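Structure, as C-alpha cells:
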Amino acid sequence: MIRLDKITKSYLHGFNRSFILRNISLDVQEGEFVSIMGPSGSGKSTLLHILGMLNEPSTGEYFFFDQPVHKISERKRTDLHREYIGFVFQAYHLIDDLTVYENLETPLLYKKVKGSERKSMVAEMLDRFNMVAKKDLFPSQLSGGQQQLVGVARALIMQPKLILADEPTGNLHTSHGEIVMDWFRKLNQEDGVTIIQVTHSEHWASYGKRVIELVDGRVERDELNPTQASAE
Amino acid sequence: MFKNYLSIALRLIQRQPGYAFINIVGLAVGMAAFFVITLFITDELSYDSHHENSDRLYRIAVEGTTRNGEMRTAMTAPSWGPELQDEIPELESVVRMRPPNQMWLVAKDNLKFFEKGFVFVDSTAFDVFSFDLVRGARESALAAPFSVVITESMAAKYFPGQDPIGKQLRLDNAFDFSVTGIIRDLPAQSHFKADFLASLTTLDTPIYGPQFLQQNLNFAMYTYALLSPGAKTAEVEGKIDEYIVRTVGPQLESVGAVLTSFLQPIESIHLESHLDNEILPNGSMGTVWSLSAIALFILLIACINYMNLATARSASRSREVGIRKVLGAERQQLIGQFLGESFILSFLAMLLAVGIVLLILPSFNSAAGTNLSLISGGMVAGAGIFLGAALVCGFVAGSYPAFFLSAFSPAVALKGGIVGMKGNGLLRKGLVVFQFGTSIALILATVVVFQQLSFTRDMDLGFDREQVLVVQLTDPSVRTLYPMFRDRVAEIPSVVSVTASSAAPGFFIQNRLVAPDDAPQDENSLLQGFATDFDFFTTLGIDTVAGRVHDKAHPSDSLGAFVINEAAVKEFGWGTNEVAIGRRLAFPGGNASGEIIGVIENFHAESLHEPLEPAIFTVLDPQTYLYVLIRVEAGSTRDAITEVESIWQSIYPAYIYQYSFLDEDVNRMYASDITLGRLFGGFSFLTILIACLGLFGLASFTAEQRTKEIGVRKVMGASESEIVFLLSKDFAKYVGIAFLLASPLAWIGMNKWLDTFNYRIEFGIGTIVLVGLGVLLVSLITVAYQTVKASLANPVDALKYE
C-alpha cells in the first residue's frame, strides 16, 4: 500500500541544512496497524505528514497504491488523500464554528457527496459513536475525549483505507484514550482499515501490530509488536 | 456547501460582534458615501440627455475680443436665429429662447407667484427640444402672440381641478396670455428652467422695448440649433462667422471688437460651459472629478479595513484552513469560502448603506443644493450599481485573506504558523499609511476651503454689508412708484438711509463702454455701470476719496454727473484721484456724457474670484433701478422688515414683497465654494471615522498578538506607561509617514484651488502641522483603549496564554 524509498526532509537554516528525516525507506501493507515512536524532534510528525501528503519530502520517492505521489499534480494528490486517507490529530482540530454534525459533514461536502446520501452517512456515524444527542453542540461544549471521538468519526466518514493519527490520545485522560484506541483496534481488525499512529507512549504503541522507532530522523527500530504477536 | 460557509460567516459575526461591527459599519459608511456621490455624479452627468436628438443639438455661443479684453457669452442677438436658419442649410431647426431677467410675476386671478421658469421661445421649440406635448397642437400652440404652453405641475398650481386650455394667465399685472397647450414637466437635469413656454412672437410687442426681435447686436437671446445629421460643427461655425461679419461686421469694427461663434453640445453645457450670462449656475467637471476620487478613496479605505482586520486575524483562521485542507478542500474552494464570507459581509453592509443613504440624503441635498433621491428614475441602474459596488468591495476586501491564507500548506497552517510573517505585516502597515494619508489630505483640503471662505467672509470688501435690506423692484410699474416708496420708507425711525441702484453686490452687474472725452477715437474702456439713486454711497458705507458724490442739493447731479472708483482712475491712467475731478466722460455710440464730480474707494461688488473692476456711477431715472437698498439700525431689523412690508403692500397691493439681506446676497456668490467646503467636510469626517474604526480593530489585534511580549516586558520591570508608549509608537509612526506623503500632495492641490480666487489666503506650514497633529491625536486616542488595556493586564495571564 505504501512504499517509501530514501525519503529525506530538510530545511535551510542560514547556510546550514538541518535534516528532519534521513533516508527513510519503509513499506506498509494494507491492514497493518503501525505505531511510530521516538523522542521529541525525531521526525515522527513530519513523517506522518508526508505519508498523509500534507507535506512534501525534499528527496526520495513515495508510492501510494503504486501511484508515484512525489510526481503527481497537487490536484491528483488531493484526490488521493480525499479518497483514501483519514486524519486524527492530537489537538482534535475540529472547526470551532461548526456543530458536531457540520464538522462530520464537511469532508463529504468537499467530496461532493449528494445531500440525502450525506445525511444518512452522518446519521450513521453519529449513531455508531453514540453522539446523536450531541450533534448540534459546538466543539467547545464537548469534553476532550468527546471531541476526539468526533475527530475519529470525521476521519472515518469517508471510509478511508488508511487512518493517520498524530498522538490521538496525547491530550486525553487515560480512560478516554482507551475508548479511542479501542475504536482504532476495532476498525483495524473488523474493517481492515490500515492505521498508522504516532505516539510517545509504550502503552498506546502496544495497540499496534508493528512498532517503528525514529531517532534523529532515522529508523532505529522496526519490529512486530511482541504483545500483539502473542495475542494473535 | 454554501450553507456551510454561510453559517460560518454568520457565526463569526455572532462570536466576534466587535469585529463584525467594525467591518460592516465601516464598509457600510464607505458604501453610503460612495452611493451618495454616485447619485450626485449620475445626476450631474445626465443633464440635458433627455432630448431625443441631444447628440446634434447645440447652443450657439459667441467669443471674441474687445478693446477691454476677452468676452465669452452664452447669448446671441435676437435677429440672428431665423436669419441663420434661412441661410445655413445644415441648420435643420433653430429656436430662440428668452428667460426672464430675474423672474416674472404670473397671476391667475388671486393666485400670484414669481416665476423663474417663464421663458419665451420660438414655435420651433417642439422640433428642437424634446418637450412632451400632452395637450394642444404642436404647430400652432406657440404661433400667435400671447400664447403660453404650461407644464402639468403649473397647470395644477394655477388651475387646480380645471382645464387650463383657453384660460388666461396675467404676466406682470399687464399682459394676458392664453394657455394653448400642456407639456410634461421637464426633468430637473436641464440647464434651463422652463415651466411656461410663451410664444416669442409676443416680443414684437414692447415687453422688452420696441424692435427687440430685430436687434442684431444686443446679446439678449439664447439660440439653439438642431444640426442635420452628419453636419460638421466646424463648417457650421464658419458659416455663422461669415454671417456675423456680413451683418454686423462694420459695427463691431467701429468699437474694435472681433467676434466668432462656437457651438456648444447641449449635454456639455451643464458641466463644461462657464460663459458669461449662463441661464442657471452650472456644475463643474472639477467637482465631479474630485468627488469621484473621494468616493473611490472612501470605498477603498473601507475595504482596507476589512483586509487589515482579516489578515490580522489570519493566525486564528489559518488553523481552519489547515483542517479544511486535510479534510480534502482544494485551494479554490477555500478561496471561494473566504470570498463568500466577505461577500456576505459586504452585502449586509450594502443593506445598511442603503439605510444610511436614506438617512443622509436630505442633509446632502441641502448641503449640495441638489434634489437627489434613491427612488428616482434609474432605479434598476441604481440597484445594479449598488450590487456591483457590494460585489467589488466583497472581492477587494476578501481577496487578500482569500488568496493569502489559502496558499499555506496544511502542515504549516495547522501550526497557526504565520504569525510572524513579515510580508503580511508590511502590507498591513502600507494600507494603514494609505488610509491615514487619504484622511490627512482630505482634512487639509477641508481646512483650507473653510479658511478661504472665512477669509472672504471677513475680508473688508470696501463697503458695509451688514444691516442692509435689499428689496427687489421686479417690474416697470413698481419702479415708476419708487420715489413714493423711498420717501415713505425713509420716514421709518429705524431706517438710517434708503437708496436704489441698477446693480448691487451679489447681483448681476452690467458693463458699459466708457471713454474720456479727449480720448482718441475708438479707445473705450469697459466699466461696471451702476445707475444709482442719491445716498448710494452713504447707505453702503463707501468712502469718498476725492471730490464729492451725488447730492440732492445739486440738481445738476442728476444730469451727467459721474462718480468713478479708484480703479477707474487707474484704468484711464490719470495718476491721482484729484486729476480726475472735472474730467468729462462719454458713453460711445450714445449721446450721454458728463463730468466727473468725485472718486470713491474701491469696493468688491463681485465675488473675490473676480478681479476688482473699474466702475462708474450715475444718477438716472427710477426705471433703471432694480434694487432698493435700505440701511437699518442694528437691533431693529425685524421691525423694519415688517414696516417696509406694510408700506409695500399699501403702494403695490398687486405685487409680491421680495427682500433679502445684502450680506446673504454677497455670500451667495460663494455658494459653490460653500458647497465644496461642506462636501469636503462631510466626507473627510467619514474618511477619518472609517480609518479610525479600522485602527481600533487593528490595535486590538496587535495588542493581542503582542500579549506575550508585553508579559515578558512587564516581568522584566517595564512600567505601564512604557508599555502604552511602546504600543502607541508604531501607530504614531504610520500616521507620521502618512502625513509626510499626503501633505505635499494636498498642498499642491489646494494651492491650485486657491489660485481660482483673485484674493486668496496663503496656507503655510502651520496649518499643515496642526492638521497632522490633530490626526495623530485622534488616532492615538483611538488606540488608547486597547493599549491601556494591554498594559494593565496581569503578566502572569499573558504568559500562561502561550
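The values are calculated or read from the model by the stated rules, or taken from the named source; none is laboratory data. Fair warning: this is a prediction, and the values are worked out from it, not measured in the lab. Every residue, glycine as well, gets a Cβ built from its backbone with ideal geometry; the counts of neighbours run over all protein chains shown.
Please state which one of B:Leu339, B:Leu387 is modelled with pLDDT of 85 or more, surrounded by fewer than 14 Cβ atoms within 10 Å (Cβ to Cβ) and more than 14 Å from every other protein chain (Cβ to nearest Cβ).
B:Leu387
Among the conditions (1) in contact with a strand residue (DSSP E or B) (Cβ under 9 Å, 6 or more places away or on another chain); (2) free of Cβ contacts under 8 Å to residues at least 12 places away in the same chain; (3) not charged (D, E, K, R), the only one that B:Phe603 does not satisfy is (2).
Evaluation of A:Tyr101 against the conditions (1) buried (at least 19 other Cβ atoms within 10 Å of the Cβ); (2) out of contact with any Asp or Glu (no Cβ under 7 Å at 6 or more places or on another chain) shows that the sole unmet condition is (2). Does A:Val34 fit the bill of being within 14 Å of chain B (Cβ to nearest Cβ) and either under 30 Å from B:Arg11 (Cβ atoms) or not in a helix (DSSP H, G or I) (or both)? Against the criterion (within 14 Å of chain B (Cβ to nearest Cβ) and either under 30 Å from B:Arg11 (Cβ atoms) or not in a helix (DSSP H, G or I) (or both)), A:Val34 does not qualify. Would you pick out the residues in segment A:44-74 that are among the small types (Gly, Ala, Ser) and away from chain B (no Cβ under 13 Å)? Hits for segment A:44-74 are A:Ser58, A:Gly60.
Before we move on, is B:Ile207 outside any strand (DSSP E or B), without any contact (Cβ under 8 Å) to a residue 40 or more places away in the chain and either touching a Gly at 6+ places or on another chain (Cβ under 9 Å) or of a type in the set (S, T, N, Q) (or both)? Criteria not met by B:Ile207. If you go through segment B:342-366 and keep only what is more than 16 Å from B:Ala32 (Cα to Cα) and either buried (at least 16 other Cβ atoms within 10 Å of the Cβ) or touching a helix residue (DSSP H, G or I) at 6+ places or on another chain (Cβ under 6 Å) (or both), you end up with B:Ser342, B:Phe343, B:Ile344.
Residues checked against (1) part of a strand (DSSP E or B); (2) closer than 17 Å to B:Lys325 by Cβ:
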position	(1), (2)
A:Ile24	yes, no
A:Glu83	no, yes
A:Leu94	no, yes
A:Tyr101	no, no
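The set of residues in segment A:106-120 being assigned to a helix (DSSP H, G or I) and within 14 Å of another protein chain (Cβ to nearest Cβ) consists of A:Thr106, A:Pro107, A:Leu108, A:Leu109, A:Tyr110, A:Gly115, A:Arg118, A:Lys119. With respect to the conditions (1) part of a helix (DSSP H, G or I); (2) touching a Leu at 6+ places or on another chain (Cβ under 9 Å), B:Ala61 falls short on a single one, namely (1).
From the list B:Ala519, B:Ala503, the lone residue that is under 21 Å from B:Val644 (Cα atoms), in a loop (DSSP other than H, G, I, E, B) and assigned by TED's automatic domain parsing to the domain that holds B:Ser636 is B:Ala503. Quick check, is B:Ser79 in the same structural domain as B:Ala234 (by TED's automatic domain parsing), among the polar types (S, T, N, Q), at pLDDT below 95 and surrounded by 16 or more Cβ atoms within 10 Å (Cβ to Cβ)? When the stated conditions are applied, B:Ser79 passes them. Looking across segment B:648-698 at every residue that is part of a loop (DSSP other than H, G, I, E, B) and in contact with a helix residue (DSSP H, G or I) (Cβ under 8 Å, 6 or more places away or on another chain), the one that is farthest from B:Leu727 (Cα to Cα) is identified as B:Tyr652.
Considering each residue of segment A:180-212, count those that are among the hydroxyl-bearing types (Ser, Thr, Tyr) and over 22 Å from A:Ile2 (Cα atoms), and give that number.
Qualifying residue count, segment A:180-212: 1.
Here the condition is being over 23 Å from B:Phe696 (Cβ atoms) and away from chain A (no Cβ under 14 Å); of B:Leu352, B:Leu334, B:Leu309, B:Leu358, it holds for B:Leu358 alone.
One residue stands out among those in segment B:268-294 that are more than 19 Å from B:Tyr224 (Cβ to Cβ) and without any contact (Cβ under 8 Å) to a residue 40 or more places away in the chain: the one that is surrounded by the most Cβ atoms within 10 Å (Cβ to Cβ), which is B:Ser290. Residues that are buried (at least 20 other Cβ atoms within 10 Å of the Cβ), over 28 Å from B:Leu469 (Cα atoms) and out of contact with any Pro (no Cβ under 6 Å at 6 or more places or on another chain): does segment B:528-539 have at least one? No - not one qualifying residue is present in segment B:528-539. Exactly one residue out of B:Leu111, B:Leu91 is in contact with a helix residue (DSSP H, G or I) (Cβ under 8 Å, 6 or more places away or on another chain) and surrounded by fewer than 21 Cβ atoms within 10 Å (Cβ to Cβ), and it is B:Leu111. Among the residues of segment A:150-201, those that are aliphatic (A, V, I, L, M), over 11 Å from the mean Cα position of the chain (by Cα) and within 14 Å of another protein chain (Cβ to nearest Cβ) comprise A:Val150, A:Ala153, A:Ile157, A:Met158. Note on segment B:558-616: residues that are of a type in the set (Asp, Glu), surrounded by fewer than 18 Cβ atoms within 10 Å (Cβ to Cβ) and modelled with pLDDT of 85 or more amount to 3. Look at (1) under 45 Å from the mean Cα position of the chain (by Cα); (2) surrounded by fewer than 20 Cβ atoms within 10 Å (Cβ to Cβ); (3) modelled with pLDDT under 80 and you find that B:Lys800 fails only one, number (1). Once segment A:75-105 is narrowed to residues that are facing chain B (nearest Cβ under 8 Å) and closer than 15 Å to A:Ile50 by Cβ, the residue that is modelled with the highest pLDDT is A:Phe87. Among the conditions (1) more than 30 Å from B:Ser439 (Cα to Cα); (2) at pLDDT below 85; (3) among the aliphatic types (A, V, I, L, M), B:Val245 misses just one, which is (2).
Just one of the listed residues (B:Asp663, B:Asp639) is outside the structural domain of B:Glu571 (by TED's automatic domain parsing), within 30 Å of B:Leu105 (Cβ to Cβ), surrounded by fewer than 21 Cβ atoms within 10 Å (Cβ to Cβ) and at pLDDT 85 or above, and it is B:Asp663. Taking B:Glu70 as the residue in question, decide whether it is surrounded by fewer than 19 Cβ atoms within 10 Å (Cβ to Cβ), without any contact (Cβ under 8 Å) to a residue 60 or more places away in the chain, at negative phi and in a strand (DSSP E or B). When the stated conditions are applied, B:Glu70 passes them.
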